[in-house]
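Just below is one structure, and these are the notes that go with it.
The values are calculated or read from the model by the stated rules, or taken from the named source; none is laboratory data. Every value quoted in this text rests on a predicted model; they were computed, and no experiment measured them. With ideal geometry, Cβ positions are generated from the backbone for all residues, glycine too; neighbour counts draw on all protein chains shown. Calculation scope for accessible area: heavy atoms of the full protein, side chains included, ligands and nucleic acids excluded. Shrake-Rupley method; radii C 1.70, N 1.55, O 1.52, S 1.80 Å.
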Amino acid sequence: MNWPDLSMGGYGFYVWGSYLFALVAIVWEVLSLRHRKKALANEARRAVADDDRPAAVRTTVLRGSTNETTS
Amino acid sequence: MLRWIVWRDLILAWRRRSDILSTVFFFVIVVSLFPLGIGPETQLLRSIAPGVVWVAALLASMLSLGRLFANDYQDGTLEQLLLTPQPLFLVVLGKVLAHWIIAELPLVLIAPLVGVQFDLSKQTLWVLFVSLLLGTPILSLIGSVGAGLTLGLRGGGVLISILILPLYVPALIFGAGAVEATIIGVTPAPNLYLLGAFAVVSLLFAPWAASAALRISLE
Amino acid sequence: MKLYKYASPAMFYPVAGKMIPWFAIPAALLFAVGLYVGFFVAPTDFQQGDAYRIMFIHVPAAWMGMFLYVLMAIYAGIGWAFNARLSSMMASAIAVTGAMFTLLSLVTGAFWGKPTWGTWWAWDARMTSTLILLFLYAGFIALQAAIDDPRRADRAGAVLAIVGVINVPIIYFSVQWWNTLHQGATIRLLGKPSIAAPMLTALLIMLAACWLYSVAIVLVRLRCIILEREQNASRLAEVNA
């Protein structure tokens, strides 16, 4: 493996700048979604804790699947 | 039905004449600001004139589009119109036609006058007039989709600009291109044909999309 | 087990969860392989030097930006026509990723343009139409954000996306037309990089990686949207967890 010239023949700023921006964009997207998901999971946990009846949970899930065609 | 809607909107607009005038003044002021910002160099002004006049027309239509359905929406007329057996397509077409007469036609008529500020030749002014005459119906047509979609939303005025201005791009390019072609001594015909074709495409699709948008917004 | 069951957001939620690793892990692997081929195997271009290596991220980003807009419009249209909520949610989930790729292609294009054309931005036909594409994404996202009722947001978004998708070819043509008329604005690459086999390989691998990444990240966002909108699904998530 021959390590490429890190200065990219003088174009290093442009090449690394592009890939750095791509990295930042992807990391931002992944992290912001992880954050959003965590917030939602916390909310859901609180909602379930409010009514601790597992049977009720199961029925609401079933209803969720059957009324799909109408809505 | 079509004639009734157009007539009704024209009468309503006549009662609020100041709205029409302020759109026209906005157009004239925006166009007149450019020489102040750029400098009075005739050659430069002549070359930016087509773009300036056309962009000012796009911005002026943004101002009036908010009112296209808003008043009828607020007083409930729009819901009544939706219930009539007439196809919504015709209602939209009538309102678009009225909007064009109220808000766009005055701009078309005054444009040659503001064009004089930019030292355009007589032939160029004529092409400017024709390009606006062909192109401004596109602004009303596509704009009606945006007006329908943003009906009753907060911040509708800014939102409609974001939605609609990018869709205006072909009209701007062909319209300003026709005028510019005349300035550099080439025939404006291809640009005008393309502008006309885009107007036809808009006429086919926009009223349909605007009707759908109104149904969605009023549901 | 019937397939249409999965068209329900609540039922699709766990399925999407199982699908995500199948796209995310290959995406990460292919990014690594693509970058390896792009930086270690592909030779330096004799005209553009190493600057051409920006291509490996720029070209896939530009393609994804365009492709995702069409895909978004299709999902939004299906969601509207058949009243399929999942499809509409998919459209909303795609929009942000599509806008991200479009922005990425503009930024990397600027980074590529500076050393090869000598300018960060040129009103070149492709850059201009990509910019307008970004505006169209912005309109879609802004419209959906401004509407509180999710069903209205879905449908309004669908109308806008369909009008946009009809308009996109006309916009592309008009920008092309505008660009050929204004000779001053045309710019030429300093000789196109003669595509060597490893360059093409790296490009295709990076494209596949961007593809897989998009699927994975869109599914993650779709799951968030399902949770936000469906009370039942959020409980389902809790039960499954």
- For C:Val15 and C:Trp63, calculate 0.36 nm times their separation in residues minus their Cα-Cα distance, and state this gained length in nm to one decimal. 14.5 nm
- Spin-label proximity, C:Ala196 to region C:52-78 - amide N less than 18 Å from point 7 Å beyond Cα toward beta carbon: C:52-57
- Per residue Cα convex hull volume for region B:129-219, in cubic angstrom? 78 Å³
- Note on the structure: Listed by chain and number, the aspartates and glutamates with an alpha carbon less than 17 angstrom from that of B:Lys95, same-chain partners under 8 positions apart left out, are B:Asp9, B:Asp19, B:Asp72, B:Asp75, B:Glu79, B:Glu104
- Task: Could you tell me what percent of the accessible area of region B:170-214 is made up of carbon and sulfur, with a 1.4 Å probe and every protein chain present?
- Result: 80 percent
- Item | Under 16 Å from A:Lys37, Cα to Cα: aspartates and glutamates that are on another chain or at least 8 residues apart | A:Glu29, C:Glu228, C:Glu230, C:Glu238
- Given charges at beta-carbon only (K, R positive; D, E negative), |dipole| of the protein assembly as shown in Debye: 900 debye
- Query: If the viscosity is 1.306 mPa s and the temperature 10 °C, what translational diffusion coefficient in µm²/s does Stokes-Einstein give for chain B when Rh comes from Kirkwood over Cα pairs?
  - Reply: 89 µm²/s
- Item | C-alpha long axis of helix C:197-229 to longest principal axis of chain C, angle in ° | 30 degrees
- Item | Sites C:Trp123 and C:Ala32, calculated FRET efficiency, Cβ-Cβ separation with R0 45 Å, nearest 0.05 | 0.80
- Message: Per residue, how much accessible surface does chain B expose to a 1.4 Å probe? Answer in Å², no decimals.
- Response: 44 Å²
- Relative contact order (%) - criterion: Cα under 8 Å, at least six apart; region: chain C: 37 percent
- Query: Hey, any idea what the orientation-averaged projected area of the convex hull of the protein assembly as shown's Cα atoms comes to, in nm²?
  - Reply: 29.5 nm²
- Item | 222 nm mean residue ellipticity, helices alone, for chain B (DSSP H n ≥ 4; -39,500 (n - 2.57); rounded to 500) | -27500 deg cm²/dmol
- Between the modelled labels at A:Leu20 and B:Leu109 (7 Å from Cα along Cα→Cβ) the distance in nm is 5.9 nm
- Message: Between helix C:231-240 and chain C, what is the angle of the helix's C-alpha long axis to the longest principal axis, kept within 0 to 90° and rounded to the nearest 10?
- Response: 80 degrees
- Query: Rounded to two decimals, what is Rg over Rh for region B:32-103 when you use alpha-carbon atoms and the Kirkwood radius?
  - Reply: 1.25
- Query: Straight-line reach from C:Lys114: which aspartates and glutamates have Cα under 14 Å away, leaving out those fewer than 8 places along the same chain?
  - Reply: C:Asp50, C:Asp124
- Hey, can you find the accessible area per residue of chain C for me, probe 1.4 Å, expressed in square angstrom? 42 Å²
- Message: Above 27 Å lies some portion of the pair distances; for chain C, what is it as a whole percent of all C-alpha pairs?
- Response: 44 percent
- Sequence order, region C:8-25: Karplus ³J(HN,Hα) from phi using 6.51 cos²θ - 1.76 cosθ + 1.60, θ = phi - 60°, Hz rounded, Gly and Pro as x, gives 7, x, 5, 6, 6, 3, x, 4, 4, x, 6, 6, 3, x, 5, 9, 5, 5
- Task: Give me the distance in nm between label points sitting 7 Å out from Cα along the Cα-to-Cβ direction at B:Leu12 and B:Asp75, one decimal.
- Result: 0.7 nm
- Determine, for each peptide in C:97-108, C:131-142, the mean count of other beta carbons within 10 angstrom over its residues, then list the peptides with the highest first. C:97-108, C:131-142
- Message: With the crude spin-label approximation of a point 7 Å out along Cα→Cβ, what separation in nm comes out for B:Val201 versus B:Ser121?
- Response: 3.1 nm
- Query: Relative contact order for region B:2-218 using alpha-carbon pairs under 8 Å, separation at least 6, rounded to a whole percent?
  - Reply: 27 percent
- Message: Using only DSSP helix segments of four residues or longer, with each worth -39500 (n - 2.57), what per-residue ellipticity at 222 nm results for chain C after dividing by its residue count and rounding to 500?
- Response: -27500 deg cm²/dmol
